[in-house]
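The structure appears below as structure tokens.
The values are calculated or read from the model by the stated rules, or taken from the named source; none is laboratory data. Here the structure is a predicted model, which is why all the values come from computation and not from measurement. Don't worry about glycine lacking a Cβ; one is built from the backbone with ideal geometry, like all the others, and counts go over all protein chains shown.
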Amino acid sequence: MSNYDAETLARLIGMLPPAPVGWVQAAQELPAAKAEIDQIVVRAQADAEFRAALLADLETALQAEGIEPEPRVVDKVRRLLADD
Amino acid sequence: MERFSRYVYAITIQGFRLPPHDAEDVFQDVFARVYERLDSLRDDDAVRPWIAQLTRRLCIDRLRTGSREVGTDLEDLADAPADDVLTELEEAFDVHEALAELPENCQVILDRFFAQDESYRTIGDSLSLPAGTIASRISRCLDKLRMAFEGRNSPPLPSSEQVT
């Protein structure tokens with residue numbers, strides 16, 4: 001009566017292997033990273049010197065703030081600063 | 001995120017066959033948007049289709065960007081990926097949802113054997129069980145999974161046949 005015999009179920013289980021651990025960890029850290037990014041943007045809005053430093057060399061400025069300048073983070077901050 | 005990470009990963013890699021770097025970007029982008037929308041994603045039944053649609057859209061965007069970079073005609077992307085792969089991934093998600101309802105020892109053994117490609121021996125060594133025991137447990141757990149899955153997917157009984 002069922003199309004889902006043991007072989008089919010086994011194949012369907014196998015279709016969803018775990019995502020790489022590093023990907024999952026990075027995704028779990030996204031909310032914290034977002035909070036950090038939001039703080040930086042707020043500070044850049046209030047502090048012209050800080051904003052100028054960010055625009056001049058974003059990667060270095062983020063590192064100085066203790067934030068790993070991963071491409072995704074850098075792109076996000078750059079977009080937010082441009083929109084600002 | 002725990003619940004959907006495999007599904008999103010599979011759509012990017014198996015469904016759209018994105019290279020790992022692009023697939024990872026899409027994966028992170030999907031969950032960044034999920035976190036942004038978390039408060040408005042209250043209806044559990046709507047979450048999976050929303051995540052699936054979002055993932056597909058971001059994969060297509062990524063393929064389009066790649067096609068522009070290498071000069072591929074966009075028409076070539078029109079039928080990628082095969083719909084039957086995406087349908088099977090939805091079925092696979094449903095099976096994993098049913099799997100999550102089984103006792104933990106069944107979840108672990110079926111997942112390690114079928115999804116993580118571990119051998120009887122590797123699983124047996126880590127659980128201090130003979131390989132033959134692992135094989136018989138897999139068989140029993142598959143039976144339980146089939147019952148759990150069919151229970152989830154059986155149509156509701158007519159009201160006169162419902163158990164009271």
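Restricting the range B:61-113 to residues that are touching a helix residue (DSSP H, G or I) at 6+ places or on another chain (Cβ under 6 Å) and assigned to a loop (DSSP other than H, G, I, E, B) leaves a set whose member that is modelled with the lowest pLDDT is B:81.
The one condition from (1) surrounded by fewer than 16 Cβ atoms within 10 Å (Cβ to Cβ); (2) part of a helix (DSSP H, G or I) that residue B:3 does not meet is (2). Within the range B:81-117, being over 26 Å from residue B:49 (Cβ atoms), charged (D, E, K, R) and surrounded by fewer than 17 Cβ atoms within 10 Å (Cβ to Cβ) holds for B:104, B:117. The residues listed here are A:64, A:44, A:32, A:48; of these, the one that is of a type in the set (Gly, Ala, Ser) and in contact (Cβ under 8 Å) with a residue 40 or more places away in the chain is A:44. Within the range B:10-17, the presence of a residue that is without any contact (Cβ under 8 Å) to a residue 24 or more places away in the chain, of a type in the set (S, T, N, Q), closer than 18 Å to residue B:92 by Cα and in a helix (DSSP H, G or I) is excluded. A single entry from A:69, A:18 fulfils the requirement of being assigned to a loop (DSSP other than H, G, I, E, B), touching a helix residue (DSSP H, G or I) at 6+ places or on another chain (Cβ under 7 Å), at pLDDT 90 or above and closer than 25 Å to residue B:23 by Cβ: A:18. Being crowded, with 18+ Cβ neighbours inside 10 Å and either within 30 Å of residue B:99 (Cβ to Cβ) or at pLDDT below 85 (or both) is a property that residue A:1 lacks.
Answer with yes or no whether residue A:30 is within 8 Å of chain B (Cβ to nearest Cβ) and in contact with a helix residue (DSSP H, G or I) (Cβ under 6 Å, 6 or more places away or on another chain). Here the answer is yes, as residue A:30 does meet what is asked. Could you tell me whether the range A:52-60 includes any residue that is within 11 Å of another protein chain (Cβ to nearest Cβ), free of Cβ contacts under 8 Å to residues at least 60 places away in the same chain and of a type in the set (A, V, I, L, M)? Scanning the range A:52-60 turns up no residue that is within 11 Å of another protein chain (Cβ to nearest Cβ), free of Cβ contacts under 8 Å to residues at least 60 places away in the same chain and of a type in the set (A, V, I, L, M).
Hey, any hits in the range A:2-18 for a residue that's within 10 Å of chain B (Cβ to nearest Cβ), without any contact (Cβ under 8 Å) to a residue 40 or more places away in the chain and under 22 Å from the mean Cα position of the chain (by Cα)? Yes; the residues of the range A:2-18 include at least one that is within 10 Å of chain B (Cβ to nearest Cβ), without any contact (Cβ under 8 Å) to a residue 40 or more places away in the chain and under 22 Å from the mean Cα position of the chain (by Cα).
Of all residues in the range B:40-52 being within 21 Å of residue B:91 (Cβ to Cβ) and more than 14 Å from the chain's Cα centre (by Cα), which is nearest to the other protein chains (Cβ to nearest Cβ)?
Only one residue tops the list, namely B:50.
Taking the criterion of being in a helix (DSSP H, G or I) and loosely packed, with under 13 Cβ neighbours inside 10 Å, the residues of the range B:126-142 that qualify are B:126, B:132, B:136, B:139, B:140.
Within the option set B:37, B:56, being basic (Lys, Arg), part of a helix (DSSP H, G or I) and more than 14 Å from chain A (Cβ to nearest Cβ) holds for one residue only, B:56.
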